[in-house]
1. Which order do peptides 110-123, 137-150 fall in by mean Cβ count within 10 Å, highest first?
2. Tell me whether segment 53-105 comes out rounded, prolate or oblate; compute the Cα gyration tensor, take square roots of the eigenvalues as a ≥ b ≥ c, and use a/c under 1.5 as the rounded threshold.
3. Would you mind computing the Rg to Rh ratio of segment 8-145 from its alpha-carbon coordinates, Kirkwood style for Rh?
4. Give me the accessible area per residue for the chain, probe 1.4 Å, as a whole number in Å².
5. Using a 1.4 angstrom probe with every protein chain in place, what is the largest-first accessible-area order of GLU57, GLU3?
6. Which log10 I(q)/I(0) values does segment 76-142 give at q = 0.14, 0.18, 0.20 Å⁻¹ under the Debye formula, counting every alpha carbon as one identical point scatterer?
7. Using the Karplus curve 6.51 cos²θ - 1.76 cosθ + 1.60 with θ = phi - 60°, what ³J(HN,Hα) values do you get for each residue of segment 109-118, in whole Hz, with x for Gly and Pro?
Amino acid sequence: KKESLAIKMSHVPPLAVTTLFGACLTSVLLFTAYQYIDTGAATVFHFIYPAFVVLLEAFVLKKGVTKGNLAGLLLCIIGICMFYTPGKKLNVTGSVIALLSGVTYAVYVMFITVLKGKGLSQSAVNFYLSLFSSVILFVICYTGGFLSLPINFKGWMYTFAFATIINAGAVSLFQHGT
């Protein structure tokens, strides 16, 4: 698209906060929740983020809440409640951590909206979020002893292909959709 990746220094703090919440805290919280509850339950709790997006935008950005937003909030809460199994003990720690991952992801979505309002191209936002998150997550994984690198060329190729598809495809399309 020949879009410039140049940014102003004033763009760095919101990009850093967006990265911290979106890619870093969300990932760390969600993967930590997996240690306490199964991945299905953690993912369900995480996907309360659209409800938090509506709430954050209403209270922080002072956006109005429509009837559609309220209906979506209600459906989100009902959907999560439908995953409750009577008699099954709920791990509060894992559930709270998974819910927090949804909150941090909601902050990410809200900040993506704010960044677009600052005149940054989608390519620039995607590039710097990827760059910042790569550095931050590398440091977190390395210092925490969680870094696991591919052991052969084929593994590196799969990792590169997966990262490229996720970043160029899913992340870019999600950011475009916000």
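1. Details: 110-123: 16.6, 137-150: 11.1.
In descending order of packing, they fall as 110-123, 137-150.
2. Verdict is oblate for segment 53-105.
3. Numbers: Rg = 16.5 Å, Rh = 16.2 Å.
Ratio of gyration radius to Kirkwood radius: 1.02.
4. Ligands and nucleic acids excluded, the figure is 63 Å² per residue.
5. Details: GLU57 35, GLU3 75 Å².
Highest to lowest solvent-accessible surface, that is GLU3, GLU57.
6. After summing over all Cα pairs, the log10 values are -0.68, -0.87, -0.94.
7. With coefficients 6.51, -1.76 and 1.60, one gets 4, 4, 5, 4, 4, 5, 4, 4, x, 8 Hz.
The values are calculated or read from the model by the stated rules, or taken from the named source; none is laboratory data. In this text, all values refer to a predicted model and were calculated from it rather than measured experimentally. Glycine also receives a Cβ, built like all others from the backbone with ideal geometry; neighbour counts cover every protein chain displayed. Heavy atoms of the whole protein, side chains included, go into the accessibility calculation; ligands, DNA and RNA do not. Shrake-Rupley method; radii C 1.70, N 1.55, O 1.52, S 1.80 Å.
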